[in-house]
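Each value in this text was obtained by applying a stated rule to the coordinates, not by laboratory testing. Being a predicted model, the structure only gives us computed values, none of them experimental. Cβ coordinates were reconstructed from backbone atoms using ideal geometry, including for glycine residues, and neighbour counts include every protein chain displayed.
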Amino acid sequence: MTTLENRLPRESFSKALARMCKKLDEAPERLVLEKSAFSGNFEARITITSLWVVGSYARGAEHCGDLDVVINWRSGNGLTPSTQAVKNIFFGPVPRLQCFSGTPKNNSSYVAFPDAVKIWSGPGCNWEKAIESIKVVQGAGREARETDLIPLRPCQMNCCWDGLHNVVEQLKSGILEQEFVAFTPEMITADVGADLDPTARYLFSLQSKKSQALMPPIVRLMDKIEPNLRWYYEGGTSLRCGGSLIRLGLPSIDLHLLMADTGVRQLVIIPHLSARGPNGAWILRRGPNHPDALTFGQRQAYAFTCGGKPVVQANYQVDSMPHSICLLELYKSESAAQRKRGKAEKGLAEEVAISSIQGQELLNSIMGVDAVKIGRTIHALSPRAKGALRKPISTIFSTVA
């Protein structure tokens, strides 16, 4: 877990926990309305029988990221509402409250809590004494978990625990690699009005206000990591900039998009901004042991490079094309690139060099553009290039044999 998470003094959570216990004393049984698009709306009579505090607060940490509690309840009519619905009805809005249903050993988090402390066990119990029994322990904090390799908090994403563990396994095995770019205050408040692509401006206008607040740092990020700055709408809260698929809000992690020839070079997971954080972009890419990277391991090509990166033609267009595309020109040999340079010397800056690119670098370069030109043949790699060139989309593996 990244240290960019904002943590609060435990006193604020002690006060919240006391208010919750008072509410349980007043009404341990309530009607809970569950609104579900799948099973329909229903009402359940719920009685909470026990409440444990778990996590860093239970271990005596001076500062905590949230207040983790486990609540056990029974239903009077056999209907089981969601934990979120029960939490809202019994406790109302409590900042940073994470509720799990069940017991410390078996609960909806799918994680056992051996350090759980029972706080409330029924009206009249001495919950004040139970809270006071937890002493502050110097150096106590979060319990290390395997998913700490992921820089975002689980509740910032729409992903189950099994899905997060799958990501961790693929990161450890080198199938995937990751990068986290923290959003600084300067990035969040940057004025991008004059530089913003009109298509990007329109696509962000379709999003919620919380997603629109992410526009400045996203635009700045794409300027740095994406050679193909063409924007597309991918449905819902998803945008695409070149080879980067951007998921906003409470994003899902669709790893299958990195496991097939989809033209997606990297997944960019960006939750909405929050006081707790972390605020930033979690970028997932193919790693050195990814099957695609291994397939490209021995493949090589030459390209014009600047600053160590292949030069792309962002607005390549000839008379017969209805619109421009982002094109990468590759050469099978250094001599072929030299001949092209001789013909186009005036159009190339002095800092442009001829470099060999191979393996994963070659793969990433190809997946970041609309089309690749080798010799006289142009391979379409995106729907935009397909329409412009009037050619079927080629696989990335057929471009460089």
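Count the DSSP beta bridges whose two residues both fall in region 249-401, then state the antiparallel fraction as a percent rounded to the nearest 5.
Close to 75 percent.
Do any trypsin sites (Lys or Arg not before Pro) in region 109-159 lie in a DSSP loop with no more than 16 other beta carbon atoms within 10 Å, and if so, which?
Lys135, Arg142, Arg145
Charges only on Cβ, +1 for Lys and Arg, -1 for Asp and Glu: so what's the dipole of the chain about the Cα centre, in debye to the nearest 20?
The dipole of the chain has a size of about 500 debye.
About its Cα centre, how strong a charge dipole does region 13-155 have in debye, to the nearest 20, once Lys and Arg get +1 and Asp and Glu get -1 at the Cβ?
Value, rounded to 20: 140 debye.
Straight-line reach only, C-alpha to C-alpha below 21 angstrom: list the lysines that Lys23 could link to, leaving out same-chain residues fewer than 8 apart.
Lys15, Lys87, Lys118, Lys129
Hey, which lysines would be in cross-link range of Lys340, C-alpha to C-alpha under 21 Å, not counting anything within fewer than 8 residues on its own chain?
Lys309, Lys332, Lys373
Anyone know which of Glu351, Glu29, Glu177 comes out most mobile in the 10 Å Cα GNM of the chain?
Looking only at Glu351, Glu29, Glu177, the largest GNM fluctuation is found for Glu351.
Select from Met20, Met215, Met157 the residue whose mean-square fluctuation is largest in a Gaussian network model of the chain (Cα-Cα springs shorter than 10 Å).
In this elastic network of the chain, the residue with the biggest mean-square fluctuation among Met20, Met215, Met157 is Met20.
Treating the Cα atoms of region 40-100 as identical point scatterers in vacuum, please give the log10 of the normalised Debye intensity I(q)/I(0) at q = 0.13, 0.18, 0.22 Å⁻¹, two decimals.
So the normalised log intensities are -0.39, -0.68, -0.90.
Percent relative contact order of region 296-399, based on C-alpha pairs within less than 8 angstrom and at least six residues apart?
Relative contact order of region 296-399: 31 percent.
Over all directions, how big on average is the projection of the convex hull of the alpha-carbon atoms in region 90-211, in square nanometres?
In nm², the orientation-averaged hull projection of region 90-211 is 13.0.
First select every other residue whose beta carbon is under 15 angstrom from the beta carbon of Trp73; then total the charges, Lys and Arg +1, Asp and Glu -1.
+3
Could you work out the helix-only [θ] at 222 nm for the chain, with each DSSP H run of four or more residues adding -39,500 (n - 2.57) and the total divided by the number of residues, to the nearest 500 deg cm²/dmol?
The helix contribution divided over the chain gives -7500 deg cm²/dmol.
Scan region 34-86 for chymotrypsin sites (Phe, Trp or Tyr not before Pro) in coil per DSSP, keeping those whose Cβ has at most 15 other Cβ atoms within 10 Å, and list them by number.
Within region 34-86, the qualifying chymotrypsin sites (Phe, Trp or Tyr not before Pro) (loop, at most 15 other Cβ atoms within 10 Å) are Phe38.
Along the positive direction of the dipole of the chain (beta-carbon charges: Lys, Arg +1; Asp, Glu -1; about the Cα centre), which of Met321, Tyr202, Ser133 reaches farthest?
So the residue furthest toward the plus end is Met321.
Given [x] 99, 42, 32; [y] 89, 46, 39; [z] 56, 49, 37, which label gives Cα extents along the principal axes in Å as computed from the coordinates?
Derived directly from the coordinates: [y].
If you count, for each residue, the other Cβ atoms within 10 Å and average over each peptide, how do 241-251, 304-314 line up from highest to lowest?
With the highest mean Cβ count within 10 Å placed first, the list reads 241-251, 304-314.
By DSSP, what percent of the beta bridges with both residues in the chain are antiparallel, rounded to the nearest 5?
On the way: 54 of 70 bridges.
For the chain, the DSSP antiparallel bridge percentage is about 75.
At what distance in angstrom do the alpha carbon centres of region 304-324 and region 75-108 lie from each other?
55 Å
Looking at the P(r) of region 248-401, how many percent of alpha-carbon pairs lie beyond 28 Å?
Looking at region 248-401, the distances longer than 28 Å represent 29 percent of pairs.
Compute a Gaussian network model of the chain, connecting alpha carbons closer than 10 Å, and tell me which residue from Asp319, Asp197, Asp223 fluctuates the most.
Result for the chain, Cα springs under 10 Å: Asp319 fluctuates most.
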